[in-house]
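Engineer: Handing you a structure now.
The values are calculated or read from the model by the stated rules, or taken from the named source; none is laboratory data. Because the structure is predicted, anything quoted here is derived from the model rather than measured. Counting neighbours? That spans all protein chains shown, and the Cβs are built from the backbone with ideal geometry, glycine included. Calculation scope for accessible area: heavy atoms of the full protein, side chains included, ligands and nucleic acids excluded. Shrake-Rupley method; radii C 1.70, N 1.55, O 1.52, S 1.80 Å.
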Amino acid sequence: MSYVNKEQIERAKQWDLLTYLQCFEPYELVRCSRNAYSTRTHDSLKISNDKWFWWSRGIGGRSALDYLIKVRGMSFPDAVLQIDGNPPVHMAPATSVIQQDGSNARLELPEPYETSNRVVAYLSKRGISRDVIDFCLKTGRLYESRMYHNAIFVGFDLQGTPRYAAIRGTTNTRYLGEAPGSDKRYSFAIPADDNGTELHLFESAIDLLSYCTLETIAGKDWRQSHQLSLAGIYSAKESIAPAALTNYLQSYPEVKRLVFHLDNDEPGRSAAAMIRQLFSQTYEISDEPPFVKDVNDDLMVYRKQREEPTR
């Protein structure tokens with residue numbers, strides 16, 4: 001476990017969330033109004049008057065520490081080190097905050113590292129099949145960043161141009177984010193190999209790869225269907241179809257059936273019900289939630305029960 005002293009803790013406690021994001025993750029900020037912001041990763045998380053509240057989860061707080069622990073899932077020591085142990089990101093004020101209408105922003109992909117060894121090791125530890133990992137590496141959907149050695153999951157438009165990138169840390173800090181200029185309409189996806197009519201939906205890229213791995217273990221060809229990460233989920237209260245899903249269905253009109261694999265928790269179940277309500281008149285719907293919390297948890301339980309190696 002990481003160690004932090006009293007001085008580090010006191011310094012970290014002084015940071016409110018808006019100041020933290022402006023200094024460390026300016027690309028996460030989306031201006032909603034003159035004095036209010038949301039984040040690109042969680043659009044239902046609002047920041048105003050030195051407070052923040054994540055409406056889709058019903059949790060909130062004041063400090064950046066609260067945010068890193070409650071939203072990012074960090075331990076208290078890791079959250080303190082995230083704030084107190086890293087230099088701020090220096091960006092020009094004009095580009096430090098992304099406006100609400102950022103669909104035309106230029107995607108800034110992190111610079112790739114010369115190998116992807118750490119990403120391969122991380123995903124293998126999460127139970128992902130090496131064949132699935134290699135497919136993503138070879139098709140440019142996955143690589144390792146030079147800075148921080150994060151896993152970068154790339155989404156493309158129909159012309160093969162990168163338009164979106166999810167960033168996931170490969171260390172215990174569990175960093176989650178998106179590259180500046182990411183367009184959620186083109187989130188991480190793997191189209192069917194030959195005009196498949198079935199589209200499987202996931203909350204994250206790792207859940208998507210976990211499902212592909214489970215299909216491989218079962219002796220099935222996962223390339224016969226479409227796989228799409230929604231890059232998170234909307235609050236069911238908003239009754240808005242995920243941008244990634246709407247755009248994908250427009251791009252692949254041959255899809256006739258939607259299969260949900262959203263998380264087995266209240267937000268995931270609510271999102272599944274909301275999407276069913278919006279699309280059930282047009283598409284055949286099948287809801288197949290994970291047995292544990294998410295699809296990767298199911299994969300790890302399967303591996304452990306059978307004591308299968310993850311490499």
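Engineer: Cα atoms only, the chain: Rg and Dmax in Å?
Structural biologist: 19.3, 59
Engineer: While we're here: Could you work out how far the C-alpha centroid of the stretch 63-78 sits from that of the stretch 123-158, in angstrom?
Structural biologist: Going from one Cα centre to the other spans 26 Å.
Engineer: Which percentage, to the nearest 5, of the DSSP beta bridges contained in the chain is antiparallel?
Structural biologist: Once the DSSP bridges in the chain are tallied, antiparallel ones form about 65 percent.
Engineer: Using only the alpha-carbon atoms, what does the stretch 149-285 span along each of its principal axes? Please give whole angstrom values in decreasing order.
Structural biologist: Here the Cα extents, ordered largest to smallest, are 43, 37, 32 Å.
Engineer: Given the DSSP H assignment, sum -39500 (n - 2.57) over each helix run of at least 4 residues in the chain and divide by its residue total; what's the result at 222 nm in deg cm²/dmol, nearest 500? Don't skip to the answer; put the middle values down first.
Structural biologist: Numbers: 11 runs with 102 residues, N = 311.
Helix-only estimate at 222 nm: -9500 deg cm²/dmol.
Engineer: Further question: Using a simple spin-label model with points 7 Å from Cα along the Cα→Cβ vector, what separation in nm is obtained for Arg31 and Thr216?
Structural biologist: For the pair Arg31/Thr216, the computed spacing is 4.5 nm.
Engineer: Where Lys and Arg each count +1 and Asp and Glu each count -1, what net charge lies around Ser38 among other residues with Cβ under 9 Å from its Cβ? If you can, show how the numbers build up before the last one.
Structural biologist: On the way: positive: Arg31, Arg40, Lys46; negative: Asp43.
Charge balance in the 9 Å sphere: +2.
Engineer: What percent do you get for the relative contact order of the stretch 237-290 when only Cα pairs under 8 Å and 6+ apart count?
Structural biologist: Details: 42 pairs, mean separation 23.3, N = 54.
Across the stretch 237-290, relative contact order equals 43 percent.
Engineer: Same structure again: Could you work out how much longer the chain between Arg106 and Gln305 gets when fully extended? Use 0.36 nm per residue separation minus the Cα distance between them, nm to one decimal.
Structural biologist: Numbers: separation 199, 0.36 × 199 = 71.64 nm, distance 4.50 nm.
Here the answer is 67.1 nm.
Engineer: Further, regarding this structure: Can you tell me the accessible area per residue over the chain, all protein chains present, probe 1.4 angstrom, in square angstrom? Each step should come with its number before you reach the end.
Structural biologist: Numbers: 15560 Å² over 311 residues.
The answer is 50 Å² per residue.
Engineer: Could you tell me whether the stretch 212-311 comes out rounded, prolate or oblate from its Cα gyration tensor? Rule is a ≥ b ≥ c as square roots of the eigenvalues, rounded for a/c under 1.5, then prolate if a/b exceeds b/c, otherwise oblate.
Structural biologist: Verdict is oblate for the stretch 212-311.
Engineer: Among Lys220/Lys293; Lys6/Lys304; Lys125/Lys220, which pairs are too far apart, with a Cα-Cα distance over 32 Å?
Structural biologist: Details: Lys220/Lys293 23 Å; Lys6/Lys304 39 Å; Lys125/Lys220 22 Å.
Where the Cα-Cα span goes over 32 Å, the pairs concerned are Lys6/Lys304.
Engineer: Below 8 Å, C-alpha to C-alpha, sequence gap of six or more: please give me the relative contact order for the chain in percent.
Structural biologist: 15
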